[in-house]
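Visitor: Below you'll find the structure I mean.
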C-alpha cells in the first residue's frame, strides 16, 4: 500500500489558547479552524476535548484522538477499505477520507495526502578534504533566525502490546520494520516513505496508553538548535536534548507540551529501502543516543569559563 506518512495529528485539548500559543512558538503556521501547518501542509489540529465531532478517546483519556495518514492515490484508499473492512468498520467521511480503529484502539484516518512538494536547500557543511558545500563569503548562520518545521515526521505511541501493534501495521497496512528495541517496540515506516521511521511503539502498562511524543523535520541540525533555543527563550520547558539518536541517526530536541505528551524537533534522519537489514538492541541510555547536550543560557568569555556541570 502506498501510504506516505502522517499528514496530521488531531488532539482534543484542555486549553485551546495555550495549545495554540505553544504550536505558534514551535513554528507552525495557524491557518484557521484549529489547524497549524508546517511548510509542506502537514499539520497539528486542535479542538476542545469535549467537541462532539471528535472520535471517542482511549480509555486512558489521552488527548491524541486521531492519527491521519496521507496516501498516494484513491487506489490506496480502496485497498485499505478492502483489507481492513474484512474485520472492522471503515467509515467513509464526507471529505473523502477514511476513519478506522487499529488493533490497540488508536483511531486512524487515511486521505490522499495534502503534502506539498518542497524545494528548499538543505543545511550545507564545509569540511576539509571535501569540495565546499557552502560558497565562499556565504555565512552558515543567521543570527535571530526563526526556522519553520518542514514536514510532520513521526508519532510514538505508548501501548500495552507492541507485538500485536507491529503485526497489525506490518500485516494489514504494509509497514516495514527498520530497527527494534528488544521487548519494547519497533521503529516502522510505511511503504511510501524511506524515512527510518514514521511510527514507533513503546510497550507500557495499559493505564499509560496514548501518545508519547511526535515531531516535525527541520532543515538541518542548525535549524533544530535555533528552533529549540527559540522555544526555550519563549518559556517552554526542554525535556530531552539537544542530542543525536543512534537508531535513525536523527538529531533531536524534545519539549514538554500541553497535549499530554512531548513534542520534538528532529533533523537529518536516515533513509532506508528494501536492502536494509533491521537492527535490534536492548533499550538503554547508550542505545538511544550517540551523544546528549545540555542547554544553558548564553555567556561570553569575559571572565572565568563555567565549571563542568554548571
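The values are calculated or read from the model by the stated rules, or taken from the named source; none is laboratory data. Keep in mind the model is a prediction, meaning the values are calculated, not measured. A quick note on method: Cβ atoms are made from the backbone with ideal geometry, for glycine too, and the neighbour counts reach across all protein chains shown.
Visitor: State which residue is surrounded by the fewest Cβ atoms within 10 Å (Cβ to Cβ) when the search covers only the stretch 9-18 and only residues that are more than 13 Å from residue 234 (Cβ to Cβ) and more than 17 Å from the chain's Cα centre (by Cα).
Guide: Going through the qualifying residues, I end up with 17.
Visitor: Something else about it: Taking into account only those residues within the stretch 78-90 that are in a helix (DSSP H, G or I) and in contact with a strand residue (DSSP E or B) (Cβ under 6 Å, 6 or more places away or on another chain), which is farthest from residue 191 (Cα to Cα)?
Guide: The selected residue is 84.
Visitor: Right, something else. Between 108, 159, which is in contact with a helix residue (DSSP H, G or I) (Cβ under 7 Å, 6 or more places away or on another chain), surrounded by 12 or more Cβ atoms within 10 Å (Cβ to Cβ) and either over 18 Å from residue 251 (Cβ atoms) or modelled with pLDDT of 95 or more (or both)?
Guide: Going through 108, 159 in turn, the sole match is 159.
Visitor: Name the single residue, out of those in the stretch 233-249 being surrounded by 17 or more Cβ atoms within 10 Å (Cβ to Cβ) and in contact (Cβ under 8 Å) with a residue 60 or more places away in the chain, that is nearest to residue 13 (Cα to Cα).
Guide: Filtering first and then ranking leaves 236.
Visitor: Right, here's the next one. Can you name every residue in the stretch 221-249 that is outside any strand (DSSP E or B) and at positive phi?
Guide: Hits for the stretch 221-249 are 235, 248, 249.
Visitor: Right, something else. Testing residue 296 on (1) modelled with pLDDT under 95; (2) under 28 Å from residue 191 (Cβ atoms); (3) in a loop (DSSP other than H, G, I, E, B), one condition comes back false. Which one is that?
Guide: (2)
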